[in-house]
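What follows is one structure encoded as structure tokens, with my remarks underneath.
The values are calculated or read from the model by the stated rules, or taken from the named source; none is laboratory data. This is a predicted model, so every value here is computed, not measured. We place every Cβ from the backbone using ideal geometry, glycine too, and count neighbours over all the protein chains shown. The protein model used for the area step is the full one, side chains on, heavy atoms only, and it has no ligands, DNA or RNA in it. Shrake-Rupley method; radii C 1.70, N 1.55, O 1.52, S 1.80 Å.
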Amino acid sequence: MTRYADLLAQKQLLDAQIAQAQKEESAQALATVRQLVEEFGFTAQQVFPWKPVAKKAAAKYRDPDTGATWSGRGKPPQWIAGKDRTPYVIA
């Protein structure tokens, strides 16, 4: 029967072999990717597509009674609809 200490030593050896194999294969994969990017002239956006982060509009108006805010975009909330907006402007 295999002893616990022997199994731990085998595990440590396997972990080292796995790390070495991953390092070698990842270097090879990266070289392949670089070669393909150079060959076909891919851009970073084509290889790693991303969408720009949507920015939330800053609040321009605040209801002093409730603390609710409004950016001034879209349909105005009831607390400001049809009123003079000057008193609600956030300084």
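Quick check on region 51-72: of everything there that is in contact with a Lys or Arg (Cβ under 9 Å, 6 or more places away or on another chain) and not aromatic (Phe, Trp, Tyr), which residue is farthest from Pro87 (Cα to Cα)?
The residue in question is Ala57.
When both residues are 6+ apart or on different chains and their Cβ atoms are under 8 Å apart, which pairs have a first residue that lies in region 38-61 and is modelled with pLDDT of 90 or more, and a second that is part of a loop (DSSP other than H, G, I, E, B) and open to solvent by 100 Å² or more (accessible area, probe 1.4 Å)?
Once the first residue is modelled with pLDDT of 90 or more and sits in region 38-61, its partners that are part of a loop (DSSP other than H, G, I, E, B) and open to solvent by 100 Å² or more (accessible area, probe 1.4 Å) give Ala57/Arg73.
All but one of (1) among the small types (Gly, Ala, Ser); (2) in a loop (DSSP other than H, G, I, E, B); (3) surrounded by 10 or more Cβ atoms within 10 Å (Cβ to Cβ) hold for Ala29; state the number of the condition that does not hold.
Going through (1) among the small types (Gly, Ala, Ser); (2) in a loop (DSSP other than H, G, I, E, B); (3) surrounded by 10 or more Cβ atoms within 10 Å (Cβ to Cβ) one by one, Ala29 breaks only (2).
So is Lys75 in contact with a Ser or Thr (Cβ under 9 Å, 6 or more places away or on another chain), open to solvent by 80 Å² or more (accessible area, probe 1.4 Å) and not small (Gly, Ala, Ser) or not?
no
Condition (residue is open to solvent by less than 90 Å² (accessible area, probe 1.4 Å) and more than 26 Å from the chain's Cα centre (by Cα)) applied to region 45-63: is it met by at least one residue?
Yes: one or more hits.
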